[in-house]
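In what follows, a single structure is set out as structure tokens and then discussed.
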Amino acid sequence: MKIYLRNLTTYEWELYEGDLKALQKELDSRKIVISDSAEIGNSAKIGYYAEIGDSAEIGDSAEIGYYAKIGYYAKIGYSAKIGDSAKIGNSAKIGNSAKIGYSAEIGDSAEIGDYAEIGDYAEINKDNILSEISLIYHLGLVSEKGKVTMYKAVREDLTDFWTGKYQYKIGKKDKCKAKPNQAIACNDEGWHFTNLQNALSFGKEKVNFKIISAEIDIKDILHISYKVRVRAFKKVKIVNISGLTC
């Protein structure tokens, strides 16, 4: 195991190598508690006073902040960052490269998607992860009467970039029978939408693109991270992006 701990004198990150038993003295001097059954990935960073519970999994290059607490069977993805004093519940799952803010609390069995960002002091639990407040935390999208406008970059002929086969149509709608599951970010069921800034960033990587918008019902959201997977959308429109930058 190779992990980074703060140097006791300079407070800079310093690499330590060895199994949990060999590193116990270094951990004790920093008041860090790591369960014997926990798995710590290579190059993970563990802050002072952090606590990592039984059978928890910390991914490669993840960072655990000062006083952060990771519950038993929790899974922290690679390169994820857990803020100082944050609390991750038992069996919770934090996606790859996700960022959890200072003193935020992620409840038992809650799932936070890849690249998602949860703000300081936020409280997210299993029941509200696919909620209106979750959309605000993840994407800054505000709903009205249970509906929200989302955006997507498509080809100039309004087909999707992934397959080039699905055709979006102005003013039209579509739906499928997929069930909400925060653990599934991508599969063959549903469609992806996001906020305008993310859609523009993705489109500009493709050079030739258009941005469409659609109305999404909160109850039709299947997964939330830096993008949203949905099982239904309607009222497709082309967005005029002339003059916009990202």
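Numerical summary
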{"read-out": "Neighbours by Cβ (under 7 Å, 6+ apart or cross-chain): first from the stretch 98-109, free of Cβ contacts under 8 Å to residues at least 24 places away in the same chain and surrounded by fewer than 19 Cβ atoms within 10 Å (Cβ to Cβ); second part of a loop (DSSP other than H, G, I, E, B) and among the charged types (D, E, K, R)", "value": "S103/D120; S109/K126"}
{"read-out": "Lone qualifier among I124, I70 - being touching a Gly at 6+ places or on another chain (Cβ under 7 Å) and under 16 Å from A56 (Cα atoms)", "value": "I70"}
{"read-out": "One residue from S55, S79, S29 being out of contact with any strand residue (DSSP E or B) (no Cβ under 7 Å at 6 or more places or on another chain) and closer than 15 Å to K2 by Cα", "value": "S79"}
{"read-out": "Residues of the stretch 1-46 classified as within 21 Å of the chain's Cα centre (by Cα) and not in a strand (DSSP E or B), total", "value": "3"}
{"read-out": "Set K93, K81, K87, K69: member being of a type in the set (K, R), closer than 17 Å to A185 by Cα and not assigned by TED's automatic domain parsing to the domain that holds D220", "value": "K93"}
{"read-out": "Output for the stretch 143-160, where each listed residue is over 20 Å from L200 (Cβ atoms) and without any contact (Cβ under 8 Å) to a residue 24 or more places away in the chain", "value": "E144, K145"}
{"read-out": "Flag for G203 being in a loop (DSSP other than H, G, I, E, B) and over 18 Å from the mean Cα position of the chain (by Cα)", "value": "no"}
{"read-out": "Matching entry among K147, K219, K204 (being under 27 Å from A80 (Cβ atoms) and either crowded, with 20+ Cβ neighbours inside 10 Å or modelled with pLDDT under 95 (or both))", "value": "K204"}
{"read-out": "Qualifying positions in the stretch 114-140 - farther than 19 Å from N96 by Cα and touching a residue at least 60 places away in the same chain (Cβ under 8 Å)", "value": "S131, E132"}
{"read-out": "Among (1) farther than 21 Å from G101 by Cα; (2) in contact with an Asp or Glu (Cβ under 9 Å, 6 or more places away or on another chain) - the single one L27 does not satisfy", "value": "(2)"}
{"read-out": "Scope the stretch 161-208; condition touching an Asp or Glu at 6+ places or on another chain (Cβ under 7 Å), without any contact (Cβ under 8 Å) to a residue 60 or more places away in the chain and of a type outside the set (A, V, I, L, M); matching residues", "value": "Y166, C176, N208"}
{"read-out": "Residue check, S109 outside the structural domain of V228 (by TED's automatic domain parsing) and at pLDDT 95 or above", "value": "no"}
{"read-out": "Residue count for the stretch 206-236, restricted to those that are over 21 Å from the mean Cα position of the chain (by Cα) and either assigned to a loop (DSSP other than H, G, I, E, B) or polar (S, T, N, Q) (or both)", "value": "4"}
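The values are calculated or read from the model by the stated rules, or taken from the named source; none is laboratory data. Every value quoted in this text rests on a predicted model; they were computed, and no experiment measured them. Glycine gets a Cβ as well: all are built from the backbone with ideal geometry, and neighbour counts include every protein chain shown.
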